[in-house]
Every structure is written in C-alpha cells, then in structure tokens.
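S.K.: My questions will all concern the structure given below.
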Amino acid sequence: MTRAVGATRKQIKRMIRVEGILVALFGGLLGIGLGLVFGIACVQIIPDDFVSKLDIPWLLILRNLIIAGVAGSLAAYFPARRAAKLKVLDAINHE
C-alpha cells in the first residue's frame, strides 16, 4: 500500500528488510534478557556448593545478536523482493 502513496520499489525492499532485522534483533535482545534473568534466578535458588557464580559470555551474546540480525535480513529478503514486484492495483484489489 505504500507504493500507492509514492514509495519506490527500492524503498519497499529496504523497509521490509529493516523490519526483518529489527524484529530479529528485538527478539534476540528479549531472549538474552530473559535468559539472563532466569540464569541469575537459578543461581540464587541453587545451593552455593553446586553453583556459586554465573559466568556471562558477553562475546558469545554479541555474536548471537549479530547472527540474529543476519538471519532477520535473510528471512526478509524474499518477502521484500515479492512485495517490491507487486503491482499497485493488484495490491489494492487484494486488500
């Protein structure tokens, strides 16, 4: 529908790719945040003679966020291409 108000095919592709990357990154951040919260809670609950300290691998977390962003970009590639090729009148009629 944004094509109907003047968006170019390139802008449509970029918009969908950016949405895919943002969704993947926010999902990754939410997963990391929940994982940290549950990890800290488990360390507090489990007796000290079993687990005394939570080791947080920050480089691994950063790598996983980068992988999530790349995966989001790749997952959005084909839908972005398809949306950019869609004709304006066909999209309006489909709605």
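S.K.: If you go through segment 50-66 one residue at a time, do you hit one that is surrounded by 10 or more Cβ atoms within 10 Å (Cβ to Cβ) and among the hydroxyl-bearing types (Ser, Thr, Tyr)?
M.R.: For segment 50-66, residues surrounded by 10 or more Cβ atoms within 10 Å (Cβ to Cβ) and among the hydroxyl-bearing types (Ser, Thr, Tyr): absent.
S.K.: Among the residues of segment 21-34, count how many are without any contact (Cβ under 8 Å) to a residue 40 or more places away in the chain and either of a type in the set (A, V, I, L, M) or surrounded by 13 or more Cβ atoms within 10 Å (Cβ to Cβ) (or both).
M.R.: The number of residues fulfilling the criteria is 5.
S.K.: Among the numbered criteria (1) without any contact (Cβ under 8 Å) to a residue 24 or more places away in the chain; (2) surrounded by 12 or more Cβ atoms within 10 Å (Cβ to Cβ); (3) part of a helix (DSSP H, G or I); (4) not basic (Lys, Arg), which single criterion is violated by Phe38?
M.R.: Tallying (1) without any contact (Cβ under 8 Å) to a residue 24 or more places away in the chain; (2) surrounded by 12 or more Cβ atoms within 10 Å (Cβ to Cβ); (3) part of a helix (DSSP H, G or I); (4) not basic (Lys, Arg), Phe38 fails exactly one: (2).
S.K.: Only one residue in Gln11, Gln44 is of a type in the set (S, T, N, Q), without any contact (Cβ under 8 Å) to a residue 12 or more places away in the chain and exposed (fewer than 12 other Cβ atoms within 10 Å of the Cβ). Which one?
M.R.: Sole residue among the options that is of a type in the set (S, T, N, Q), without any contact (Cβ under 8 Å) to a residue 12 or more places away in the chain and exposed (fewer than 12 other Cβ atoms within 10 Å of the Cβ): Gln44.
S.K.: Look at segment 45-95 and say how many of its residues are among the small types (Gly, Ala, Ser), in a helix (DSSP H, G or I) and at pLDDT below 85.
M.R.: Adding up the residues that qualify gives 3.
S.K.: What residue, among those in segment 1-56 that are in contact with a Lys or Arg (Cβ under 9 Å, 6 or more places away or on another chain) and among the basic types (Lys, Arg), is nearest to Ser73 (Cα to Cα)?
M.R.: The residue in question is Lys13.
The values are calculated or read from the model by the stated rules, or taken from the named source; none is laboratory data. Computed from a prediction, not measured in an experiment: that's the story for all the values here. Quick reminder, even Gly has a Cβ in these numbers, built from the backbone with ideal geometry, and neighbours come from all protein chains shown.
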